[in-house]
Amino acid sequence: MEHVWLRGVAEQFGIAGGLRQLGGEYDLNFRGRTSEGDVIVKAMRPQGEPALVDQQCAAINHALATDPTLPLPRLLPAGGNRFWQNVPDAQGQQRMVWVQRAFTGIPMGEAGPQPPAVLAELGALTARLDLALRDFKVTAAPDAAKWDLTEAGWIKPHLDVLEGARRTLVAGIVAAFEALKPALDRLPRQTIHNDLNDFNILVQPRLGEPARISGLIDFGDMTDGPRVCEIAIAAAYAILDHETPEAALAALVAGYHDVSALSAEEIGLIWPLVRMRLAVSVVNSTIEAKGRPNDPYVTISQAPAWRLLENPAIDGELMGARLRNACGLPVTDAAGRIASWIAAQRGSFAPVLGRALDGLPVGSLGIAEATIPQNPFELRADEARNLGTGLGITQEWWLGQYGEPRLVYTDKAFRKGPWLASNRRTIHMAVDVFGPAGEPVRAPLASKVALAENRKGHLDYGGVVILEHRTPAGDIFHTLYGHLAADGAAKLKPGQEIAAGEAFAKLGPAEENGGWEPHLHFQLALTLDGMGHDWPGVADPDDWALWQAICPNPAALLNLPDETVAYQAIDEAALLIERKTRFGANLKLSYKKPVTFLRGWRHHLFDAMGRPYLDAYNNVPHVGHAHPRIRKVAMDQLARMNSNTRYLHPAPMALAQRLTAKLPKELEVCFFVNSGSEANELALRLARAASGGYDIVTPDHGYHGNTTGAIDISAYKFNKPNMGGRKPWVQLVDVADDYRGRFRRDDADRALHYAQQVDGALAAIAERGGKVAGFIAETFPSVGGQIIPPPGYLAAVYERIRAAGGICIADEVQTGLGRLGDYYFGFEQQGVQPDIVVLGKPLGNGHPIGALITTRAIAERFAEGPEYFSTFGGSNLSCRIAAEVLDIVEEEGLSANAKAMGDKLLAGMRALMDDYPCVGDVRGIGLFLGLELVTDRETLEPATDAAAHVMNRLREMRILVGREGPADNILKIRPPLTVGADDVEMILDRLRICLREVEAAR
């Protein structure tokens, strides 16, 4: 034992195996193990005050007596009536030592930023602790009064320890604190913990669900103070390095409020107090670091504290409204009165555009109704100038809706993070009135100009005016008028009064209004807190509840019913119920929380509220979602004809020429069908016709489609319950998995050993009196776990099958057409030439088409049977789309991109293995990749729950991946071939977070 002076304590409490020292600013903390579980040994600094320790123990026991389920330390009696004892340390100085049961879990500071659900739980537990301590009286105060937030002004004389901009920043925080100090001093006081920092809060990470708060520890800094100080201290550390600190703080405060209601005054103090606590932290750590330069404890939170304090994206003025809204309170005291007054006056306001608006057509630019813009990341100028035409609206006057999720806001300013799939603002917070440029714009009621300016940026407001209004009760609200003519706005002056119905501006032409089709953006705001005169006109869906409260539907000011211009979003809960009602229960949805997608572009999908997701899973949109060239070809062909294959047409011939040009010359005959399943079913027929046999050899856990014949050869399906199992004419061999399979990478002959299993399969066929028809395999097994067979495997297999008279079928649905980068088809990597190649869903980029290409000899044997016909297989439309897909792969360099991005992603994921032992293997070629999770790298125990956790967490982080393998422990990554370097960085960044969570939960 390193600290031999604690040996007696260890023996007294049955601690075996030594003590591990933990962190602490002044006192010593150790962890040890007993037969009844782990304990924490706390040794107070020398000359500590017994009254402080007695007080801590009494407070803990008091709180537990009041609320027994609080996650607080359970103290072990030290003898007599005390929970502590005096022990001389190595220097002979007396220390008070006490022992308590340890908690499961780790400090929140080690676990990393927590999701809102965990922070809400923390808020609720903080409230429960405050309630449990409110009638406990603090009689002994700690020496470190510097942590009493009500006295935080002590740092003001010490600001010279900071430099430059940081000193200025903290000086501003101190000034704000001094301004609120009288209000803080008026609040009721009670006993509070006073130090719920992220290392005094323990969390128990869990897979598949949020962590839970498992412990609140260290009562050594208890003091008497307002409960908002308790909230601010807990929040200050809990939101450090959080990607959305505002939402994190709101979740914590709402959790507290749900248990113990806060007043509006208290809520308004929380954010300034959070900042002041962090200011104290950075000033104190800077001072302490000068005297203890080698002690990491004193600076442990300094860097993240500065990152939060210096974060320019946090709008402090808006925080009060955000927290009030999170607690279910009006965003201002006057908000409810203003909204009620406006609603009561509906129908009596002066017409804003000099005419009645009821009866006008209502158009929708919503994601569910519109395809504007075609590229959701770039609104073209012609699209912005012709919104109505794009929607098929022919009238000059029409209305655009409030609360509508739109993709037309494509500038980077609308994005809230570094990635294309980061949160972006999409929800329109105004009503649009489209009409002719030059139409006068009038005040709906008596007003005063608050702002008038011309914002000339592309797709900005152009001329914009904000008017101030006052209700008879004296409550102030504002309206904004955007996309005005430049000259009208220029003539107005702040403070200028405008009468009800008075024209003060005109609708601007596109040249002056930011480049838009002429219209009025009409928006109402019940408060300017956090907005000033730079109003956001569009909200992040994740913040919609807040912005809906600040900027409600302005329909009443236009003398319209709210429902006339209120967007009706898809009811996703009802949609899910309807799906369960109308479809079979075994038609499954992806992810623990299903997601509704309405638009796609390249390698991104957009949900019903316009949130973007990085699609790293779907190999169907081979060249990207909604490719404009495919759309153009499809529209062109549908305008001509789409019929069956009994007639001559150049499209099937053109597709056949393109496909065979990429294949060995012997593979020259094509059959076009509607899917990979159909193509594999057809492949079985050809193999049987050509070989005269019936039996099939195939790797275990393979998947070849959903037709009856395809399922019969797909162990992934026929081994499931109620599927009847393996047919006698199907022989299984092992998947050539050299990571966890029978023959592994340390075996130089593993390819041959796997191939030799075919000998046993052929012998079994002979024993049952059968004859082999062929061997079929996904060239690189996907459902089997994104497997790359060892070199030489297929060559040895094909040799054996052909020697027995069988046909070799390569199922290239998952791997063909350039996905592998260096190889157009997977069989090329294996150095073999199949007799039949099968292609499926990627060939049509989502349009139903499959293909089978074979030799003339095999095709002729098949032709000796009955006529082959597929009504829609090889239709004019399908063939033109498929040919365009092949051209796009070639002309846009997508094979080269698959190699470059695949290599980058593969290298990045392999680098993660150094930090995260749960990653057992990373494998793949091009954009066909797998990451296998294990609980132990020696035993290779599959980490199935961990894989499910990572997949669902990535979905929460706006990245779609799949999960495969016999144990469902392999993350499947196979994005459209358009994926870029930034997307790869996002995947790696988010993966790192998820893997850290997995390790924390182990």
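No lab work stands behind these numbers, since they all come straight from the coordinates. Just so we're clear, the structure is a prediction, and the values are computed from it rather than from any experiment. When we count neighbours, we look across all protein chains shown, and the Cβ atoms used for this are built from the backbone with ideal geometry, even at glycine.
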- [ ] Evaluate the relative contact order of the stretch 335-565 (contact order divided by residue number), counting alpha-carbon pairs under 8 angstrom at least 6 apart; express in whole percent.
- [x] 25
TODO: Note down the net charge around residue 881, summing +1 for each Lys or Arg and -1 for each Asp or Glu among other residues with Cβ under 13 Å from its Cβ.
DONE: +3
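Relative contact order for the stretch 4-102 using alpha-carbon pairs under 8 Å, separation at least 6, rounded to a whole percent? Write down the numbers at each step before the final one.
Numbers: 156 pairs, mean separation 27.8, N = 99.
About 28 percent, as a whole number.
Suppose R0 equals 56 Å. What FRET efficiency, 1/(1 + (r/R0)^6) with r the Cβ-Cβ distance, do residue 346 and residue 139 give to the nearest 0.05?
FRET efficiency, residue 346 to residue 139: 0.40.
If I take R0 = 60 Å and measure r between the Cβ atoms of residue 493 and residue 856 in this structure, what FRET efficiency does the formula 1/(1 + (r/R0)^6) give, to the nearest 0.05? Don't skip to the end; give the middle numbers.
Working: r = 85 Å, r/R0 = 1.42.
After rounding to 0.05, the efficiency reads 0.10.
Take each of the peptides 827-839, 45-57, 810-822, average the number of other beta-carbon atoms within 10 Å over its residues, and list them starting from the highest.
810-822, 827-839, 45-57
Express in nm, to one decimal, how much length is gained between residue 585 and residue 104 on full extension, taking 0.36 nm for each residue of separation and deducting their alpha carbon distance.
169.3 nm
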Open item on the list: Please report, ordered by residue number, every helix of the chain (full DSSP H runs) that is 27 Å or longer along its axis going by C-alpha atoms and whose mean Kyte-Doolittle hydropathy reaches -1.0.
Closed with: 164-186, 264-291, 981-1001
Open item on the list: Within a 10 angstrom radius of the beta carbon, how do 754, 916, 716 rank from fewest other beta carbons to most?
Closed with: 916, 716, 754
Open item on the list: Just to be sure I understand: of the beta bridges DSSP finds with both ends in the chain, what percent are antiparallel, rounded to 5?
Closed with: 85
TODO: Can you tell me the order of 648-657, 518-527 when each peptide is scored by its average per-residue count of other Cβ atoms within 10 angstrom, highest first?
DONE: 518-527, 648-657
- [ ] Take every Cα pair under 8 Å in the stretch 699-806 that's 6+ residues apart, average their separations, divide by the length, and report that relative contact order as a whole percent.
- [x] 28
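Past 18 Å, Cα to Cα: identify those pairs from 841/904; 904/972; 412/632; 456/491; 156/181, in the order given.
On the way: 841/904 26 Å; 904/972 16 Å; 412/632 28 Å; 456/491 16 Å; 156/181 14 Å.
As for pairs spanning more than 18 Å Cα to Cα, those are 841/904; 412/632.
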TODO: Check the straight Cα-Cα distances from residue 580 and name the aspartates and glutamates below 13 Å, setting aside those fewer than 8 residues away within the same chain.
DONE: 572
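Assigning unit charges at the beta carbon (Lys, Arg +1; Asp, Glu -1) and nothing else, what dipole magnitude in debye, to the nearest 20, does the chain show about its Cα centre?
Working: 101 positive and 121 negative charges, 246 e Å.
Dipole of the chain, to the nearest 20 debye: 1180 debye.
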Open item on the list: Among 888, 182, 505, whose Cα projects farthest towards the positive end of the dipole of the chain, with charges put on the beta-carbon of Lys, Arg (+1) and Asp, Glu (-1)?
Closed with: 888
- [ ] Give the long-range amide H neighbours of residue 203: residues separated by 5 or more places, or on another chain, with amide H under 5 Å away, using H modelled in the peptide plane at 1.01 Å from N.
- [x] 106, 108, 214
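What's the local net charge at residue 742, with K and R +1, D and E -1, over the other residues with C-beta under 10 Å away?
-1
Within the stretch 107-326, what percent of beta bridges assigned by DSSP are antiparallel, to the nearest 5? Present the calculation step by step, with values, prior to reporting the outcome.
On the way: 8 of 8 bridges.
Of those bridges, close to 100 percent are antiparallel.
How high is the FRET efficiency from residue 265 to residue 647, r the C-beta distance, R0 60 Å, rounded to 0.05? Let's see the in-between values first.
Working: r = 80 Å, r/R0 = 1.33.
Rounded to the nearest 0.05, the efficiency is 0.15.
Rank by packing, highest mean first: peptides 248-254, 892-898, with packing defined as the count of other Cβ atoms within 10 Å averaged across residues. Present the calculation step by step, with values, prior to reporting the outcome.
Values: 248-254: 25.9, 892-898: 19.4.
Going from most to least packed, we get 248-254, 892-898.
Starting from the Cα gyration tensor of the stretch 535-681, take the square roots of the eigenvalues, sort them a ≥ b ≥ c, and report rounded, prolate or oblate (rounded when a/c is under 1.5, otherwise prolate if a/b is larger than b/c, else oblate).
Values: a/c = 2.59, a/b = 2.18, b/c = 1.19.
It comes out prolate by the Cα gyration axes.
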Open item on the list: For percent of Cα pairs over 43 Å apart, one of (i) 67; (ii) 50; (iii) 61 was computed from the structure I shared and the rest are decoys. Which label?
Closed with: (ii)
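Around residue 778, under 9 Å between beta carbons, what's the net of Lys plus Arg minus Asp minus Glu among the other residues? If you can, show how the numbers build up before the last one.
Values: positive: none; negative: 811, 812.
Neighbourhood net charge equals -2.
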Task: Which of 724, 926, 69, positive extreme of dipole for the chain (C-beta unit charges) - done: 724
